[in-house]
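Single-structure report; data block below.
Every number in this text was worked out from the coordinates using simple rules, so none of it is lab data. It should be emphasised that the depicted structure is a prediction, and the values quoted were computed from it without experimental measurement. With ideal geometry, Cβ positions are generated from the backbone for all residues, glycine too; neighbour counts draw on all protein chains shown.
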Amino acid sequence: MSQPGAPSRRVGMSTQKTPSTARMQVLVVGAGYAGATAAVRLAGRARNRVDVTVVNPRPRFVNRLRLHQIAMGRAVPAPALRDLLGAGVTLVEGTVAELDPDAGRATVTGPEGVRDLAVDRVVIAAGSTTTVPVPGAGHVHAVGDLESAHRLRPAFAALPAGAQVSVVGGGFTGLETVAELAETRPDVAVRLVTSGEVGGWFTPDGRAHVRETLDGLGVALIGGTRVRAVERDRLLLEGGHVVPSDLTVWCGGFAAPPLARQAGIAVDERGAVLTDGTLRSLSHPAVLAVGDAGHAPSPGGDRYSMSCQYAFPSAAHAADLLRAEALGLPDAGAPLDLGFTARVVSLGRRHAVLQPTTKEDVARGRAWTGRAAVLAKNVQVRGTARAVGVERRLPGVVRWPHAERAARAVRGEPAA
Ligand SMILES: Cc1cc2nc3c(=O)[nH]c(=O)nc-3n(C[C@H](O)[C@H](O)[C@H](O)COP(=O)(O)OP(=O)(O)OC[C@H]3O[C@@H](n4cnc5c(N)ncnc54)[C@H](O)[C@@H]3O)c2cc1C
């Protein structure tokens, strides 16, 4: 048996069941929503057959849904990961710098230096970070990770009244961020620049609410236009247009960290690990990928959206699969069956939109606004941070709408 953190026993990873006397050594890369959930669920449900080690660069949990609020100076709880994960999981502070799936080895760099871990299975839960595919990336700020949010905070606070601020990207993160910026500093000029229609993902009433709310917050909307380059004090748009921008926050795209690609694991164009429906890597079956870092086929035909709605179920599913494998149970080959039901997007502190979706995550029906939507958003952002602790105390508690159940729910039919 290899000890997590001990000099590596260089075993090859395979999908064969671990010998009955050996405990399966599972490495979880990253302790965001997905990694932390996978770790506590697996440790809680297969403690006698599995050793779970989590590697994360920081000792505290980051509630990523609130990074744009952290950037605005709002206090957001950051529980110690050691407490959150509990005694059943070994936490190593550091970064998995290299993975060698064929040799069953991971190299970790951290405050205690460089060390090799011997592993039988790897769960890649490394999330995603902001990508800027245009010239001028050095001029942009972001809210995709904690360090970026910490950099944005003083830069935004230091802007003089009347400064020009741009948020690029009209996805959920861009909408939430632009509203938060405008609400926090009504004395600066905030604009949203996006290649699509502003709020175009929502159904018409949801879209109208998004636009009216942003308008009420004084946000200038530039839709249907791509940013071609970012300069220190302006954006260059397609068609030769130029807009002044003293501070630019890029929310225009996210990609997985390079770890999997560098390890020779098959990934998509955004660096996410290509998996089958069971969440096993297509190229390295001893590797599973969950949350933003994984690309599994979804009912809609593409990958599941990068979201908490995917991070928690995929993590729980991967944990259950590894437990089944370690215990020799038959359901180790079951594919994830997940259907979406709704999305909730905040627009500052006083507004939100709760948008029902099809199971494939396409907006449908009447959008909810007003206090009900704000309440739903508050429940979501606080609930996601608490969910890991709940899962640790009650392993197996994270459940999700299966595709057929979700389809019935969105059609308003009773559960079968
Ligand atoms: C501002 C903002 C608002 C958002 N709002 C919503 C929302 O309202 N609803 C929603 O569903 N989604 C939202 N999202 C998206 C959501 O946050 C992600 O889908 C979710 O965080 C994915 O969870 P994860 O565990 O896969 O990744 P993460 O939460 O990103 O966690 C990944 C962890 O892995 C660590 N890591 C990375 N590389 C390594 C390595 N090599 N070694 C060790 N550790 C590593 C990272 O540091 C991090 O701690 C938002 C995102 C942002 C940025």
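Quick look at the values:
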quantity	calculated
FRET efficiency, 1/(1 + (r/R0)^6) with R0 35 Å, evaluated for Glu147 and Thr225 via beta carbons	0.75
Interchain or long-range residues, amide H under 5 Å from His141's placed H	Thr248, Val249, Trp250
Extension reserve of the Ala158-Asp215 stretch, reckoned as 0.36 nm per residue once the Cα distance is removed	18.1 nm
Net charge, Pro57 excluded, C-beta distance under 10 Å - Lys, Arg +1, Asp, Glu -1	-2
Interchain or long-range residues, amide H under 5 Å from Leu288's placed H	Val122, Val123, Ile124, Ser281
3J(HN,Hα) from dihedral phi, the stretch 307-312, Karplus parametrisation 6.51/-1.76/1.60, rounded to Hz, x for glycine, proline	5, 5, 4, 9, 4, 5
Whole-Hz couplings from phi, Karplus 6.51/-1.76/1.60, listed for the stretch 246-263; x for Gly and Pro	6, 8, 10, 10, 8, 10, x, x, 10, 9, 6, x, x, 3, 5, 4, 5, 7
Extension gain, Val397 back to Arg411 (0.36 nm per residue minus Cα-Cα distance, nm)	2.5 nm
Segments 178-186, 238-246 sorted - mean Cβ within 10 Å per residue, highest first	178-186, 238-246
Rounded to 10°, Cα long-axis angle of helix 146-157 versus longest principal axis of the chain	20 degrees
Estimated [θ] at 222 nm from DSSP helical runs (n ≥ 4, -39500 (n - 2.57)) normalised by residues in the chain, nearest 500	-9000 deg cm²/dmol
Fluctuation leader among Pro401, Pro335, Pro135 - the chain, Gaussian network, Cα springs under 10 angstrom	Pro135
Proximal charge balance of Leu214 [Cβ under 12 Å; K/R count +1, D/E count -1]	-2
Acute angle (nearest 10 degrees) that the helix 33-45 long axis makes with the longest principal axis of the chain, alpha-carbon atoms	30 degrees
